[in-house]
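Bear in mind these aren't lab numbers, they're just calculated from the coordinates by the rules spelled out. These figures come from a predicted structure and were not determined experimentally. Here the Cβ positions follow ideal geometry from the backbone for every residue, glycine too, while neighbour counts run over all protein chains shown.
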Amino acid sequence: MLSVSGLTKTFPGVRALSGVDFTARAGEVHALIGENGAGKSTLIKVLTGVHRPDEGEVTYDGSPVRFATPLQAQHAGISTIYQEVNLVPLMSVARNLFLGREPRGPLGLIDFRRMHREADAALRELGVRVDVRRPLRELGVGVQQMVALARAVSVDARVVIMDEPTSSLEPREVRTLFRVIRMLRERGIAVIYVSHRLDELYEICDAVTVLRDGRVVHTGRMAELERLRLVALMLGREIGEVQGEGLTKFSGGHDAEAEPVLRAEELTVRHELHGVSLSVRPGEVVGLGGLLGSGRSETAKAIAGALPTDSGRVLVAGVPVRPGSTPAAIRAGISLLPEDRKAEGIVPGLSVRENIALAALPGLSRFGLVDEGRIDRIVDTFMKRLRIKAAGPHQKVGELSGGNQQKVLLARWLAMQPKVLLLDEPTRGIDVGAKAEVQKLIDELADDGLGVLLISSDTEELIEGSDRVVVLKDGVVVEELTGDAVTEDRLMRAIATAPAGTGDPDD
Amino acid sequence: MTELTLGRVTADRDRLLRLLQQYGVYAGVVVLLLANTVFTPHFLSAENFRTQAVQVAPVLIVALGMALAIGSEGVDLSVGSVMALSTSLISLYLGYGPWIAALAAVIGGIVVGCANGALIAFVGVQPIVATLALMVAGRGLALVLLPQLKDVRDPGMAALGSGDVLGVPYLVLIAAALALVVAFVVRRTTFGRQLLAIGDSRPAARLAGLPVRRVLIIVYVCSGALAAIAGVLATARLTASDPTSLGTLMELSAITAVVVGGTPLSGGRVRIGGTVAGAVLIQLLTTTLIKHDLPPSWTQIAQAVVIVLAVYAARERGKR
């Protein structure tokens, strides 16, 4: 249906793709996988007309094509659902669904009644029930994703490309998504599916293509590719090594008797948190468990002074921190790695160097003048220690892969020599290799005596990485798992048996 | 085959646009200088260069502050009114001597800057709205203080306006010194780095614990103070205080210089060298057209063309 051969694309300083062959067939779900920076995004962008290839040919429906713009590709029947939902947040759900092809009434005006009816029907088909008149931004990310999907399906697409569609979905929504994907497959639509979640790939995909460093390293049937082999292919390592190391394993030694380095007492934020208390000892990794919308991110933000609290207090090493002030929290030694890396973490237009030095800047200056030599040394140390892959310290952070952006952020905070690290989804949306590195790093940091509060939607990561897990539900601590009780089973049960009502899909 | 060529042409065009944005303004200055050397009589005289430089100095000083405001993803529309306020204050305080008068003018600029900064940083008003309010209020206040044109008869002021060192007018020296200071501040100080980070991504800067409010207030105080200095210099050169017309449309000239100089309106970057060249380019363009007896309206059209070109180059680059 849609295929490329001998595709090469070079960006200044980087060869993003070299000699890539890839074929998506009708009625097949094709997994496209690889580490960050392997070239998946570039390949997708070439397929959808965002980038033009330097060499090679794109064939669609048997004849060579060259899409000059994404619009042309869309008109030809190629729909893409990007990682970041690309819809208009202020417009209603229905308007988003029919954007650019609204049903018209006799005067050429938009027939809102019909549009709402049809939008409602389209979403019901996907198992989503929302008021289609509501502005999109008022809805959860999961619902937004379903709207994007509904839009892609309803434009009579023949190829649907999904870039990490499940990264912000809840399990129930993932089920719905898979049902829709199977429906698409039966209709003879070619689906290209990009994801880092191996379980999902094996569940839904028929074929697989693995990219590494801009080249295809494997292509074939999904079912015939062993899991371990797949991971080894992505990482470019031997199987023995991968097995030995494990994928999501932190271990942590700490002194159970030590005074907590961080104590949060009765944190309350209207509608969000109701008297959340927890403590973290030096060298300890405390997991924060719960569903989306249970108040995990809010707890982290409240501790870091980024979310004003109505009551409660935060103590670092026994000393109260002035509430509601990020600079005060940072001075006290609290560092937050925010959930939304792109919007709240990196400063995309500045270099790797400036991003790392950003928070520590006042300490690296004398009389307001920046000490370039000291910055160079610190940046050099952290780029090596965290193995940040960049063309150099002066490359813009916006151009790096997600995993490397996350490492730059970690470096920014480590340069502050914090006492407590709050990590909100530190490995979301980054590839397996970088993920293992980040997890190992968290482990090392805890060993060095840092207190770590870890938030992760990946239960396996949470359970294996944490010494204790505090379980939240609807802004209340419902249970604390310690010692042998830190298991996935216990976590699920803690969430399930909690007395509060069902979770809000918004996070 | 044609498609391949097309691809190459696009790549070339991208590169050309990038060069245009980075160095176009310098090239423009050089081209205008060369063209005038050939086609304009008496262009290559020290006297002419002095005139040009003296005329560009106030615009340049205002543009320096504007570059900071734009770099922080803001804008300062009140600069022209600050110049007017500055000239009124000079007339009012000239009785205490030229230094006190100049000091009063600069303090006036700082006060306006504080008001701008407080509205933006603490109240959360958008920069364009906040500074628009101060633009209207500033001009009004200037006219209350000094309702009509008044001669400035002061030897100190006159010396500032027309004196020179080794043939280089004070005005030009002051403008050049200020440009160097601002360039240094942007590149080498904590404040400069924080300003760029705030302009590029405010949520990230906030979560990184940057003193966002303080930086924003300093930005607008600098812009106000620089505009006030420009007002002092313009008053000294004209030897008159005219709060009705001094600094009108100055905000647009300054924004033009900054934008033409390659500083993107989306913030996160400040190009001081480009801003200087941008101000010079607009000045040369105006002179060229005037010297060739084209009506002033042509100047405005030419300026518009340059702005559109600059914004086009920046936009194309921003998409990448």
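What pairs in A:K301/A:K473; A:K45/A:K435; A:K389/A:K435; A:K9/A:K40 have C-alpha atoms more than 20 Å from each other? In this structure, A:K45/A:K435 lie more than 20 Å apart at Cα. The stretch A:143-161 and the stretch B:101-118 have their alpha-carbon centroids 55 Å apart. Placing a label point 7 Å from the Cα of A:V65 along the Cα-to-Cβ line, the residues of the stretch A:178-213 whose backbone N sits under 17 Å from it are A:188-193. Working ranking of peptides B:221-227, B:101-107, A:38-44 by packing, defined as the average number of other Cβ atoms within 10 Å per residue, highest first, is B:221-227, A:38-44, B:101-107.
Reported to the nearest whole Å, the Cα centre-to-centre distance from the stretch A:427-482 to the stretch B:59-80 is 46. Look at the stretch B:189-197: the mean tally of other chain Cβ atoms within 10 Å of its residues' Cβ atoms is 6. When the alpha carbon coordinates of the protein assembly as shown are projected onto the principal axes, the ranges are 89, 71, 57 Å, largest first.
Please compute the average number of Cβ atoms from other chains found within 10 Å of each residue's Cβ in peptide A:360-370. Provide the component values of the computation, followed by the final result.
On the way: counts 2, 9, 5, 1, 2, 5, 1, 2, 6, 7, 7.
Average neighbour count from other chains, rounded to a whole number: 4.
Neighbours of B:G80, meaning other residues whose beta-carbon lies under 14 angstrom from its beta-carbon, give a summed charge of -2 when Lys and Arg score +1 and Asp and Glu score -1. At full extension, B:D12 and B:D293 could sit 97.3 nm farther apart than now, given 0.36 nm per residue minus the alpha carbon distance. Take A:125-137, A:443-455 and order them by the average number of nearby Cβ atoms within 10 Å per residue, most first; the result is A:443-455, A:125-137.
Membrane-span-like helices in chain B (whole DSSP H runs, Cα extent of at least 27 Å along the helix axis, mean Kyte-Doolittle hydropathy of at least 1.0): B:46-71, B:98-118, B:212-238, B:272-291. What number, rounded to the nearest 500 deg cm²/dmol, is the helix-based mean residue ellipticity at 222 nm of the protein assembly as shown, given -39500 (n - 2.57) per DSSP H run of at least four residues and division by all its residues? Helix contribution divided over all residues of the protein assembly as shown: -16000 deg cm²/dmol. Footprinting exposure proxy ranking of A:V379, A:V347, fewest other C-beta atoms within 10 angstrom first, gives A:V379, A:V347.
Residues whose amide H falls under 5 Å from that of A:F67, counting only those 5 or more places apart or on a different chain, are absent, with hydrogens built in the peptide plane. Taking the empirical scaling 2.2 N^0.38 Å for compact globular proteins as reference, the stretch A:2-245 has a Cα radius of gyration ratio of 1.06.
Amide H to amide H distances under 5 Å link A:I192 with A:H30, A:V160, A:I161, A:M162, where only residues 5 or more positions off or on other chains count and H is placed in the peptide plane. Evaluate the Debye formula for the stretch B:55-319 with equal point scatterers sitting on the alpha carbons, no solvent, and hand back log10 of I(q)/I(0) at q = 0.11, 0.13 Å⁻¹, in q order, two decimals. At q = 0.11, 0.13 Å⁻¹ the computed log10 ratios are -0.58, -0.82.
Sorting A:E138, B:E73 by the number of Cβ atoms found within 10 Å of their own Cβ, with the fewest placed first, yields A:E138, B:E73. Computed from the Cβ-Cβ distance with R0 of 35 Å, the FRET efficiency linking A:E186 to A:R133 stands at 0.65. In plain terms, the chain from B:L166 to B:V311 could stretch by 48.3 nm, reckoned as 0.36 nm per residue minus the Cα-Cα distance. Scaled against the 2.2 N^0.38 Å expected of a compact globular protein of N residues, the Cα radius of gyration of the stretch B:62-101 reads 1.51. Taking amide H as placed 1.01 Å from N in the peptide plane, the amide H of A:V477 sits under 5 Å from that of A:S277, each at least 5 places away or on another chain. The length gained on full extension between A:R387 and A:R179, counted as 0.36 nm times the residue separation minus their Cα-Cα distance, comes to 70.9 nm.
Count Lys and Arg as plus one, Asp and Glu as minus one, and take only other residues whose Cβ is under 11 Å from that of A:M1; the net charge is then 0. Shielding value for A:335-345 is 3, the average number of Cβ atoms from other chains within 10 Å of each residue's Cβ.
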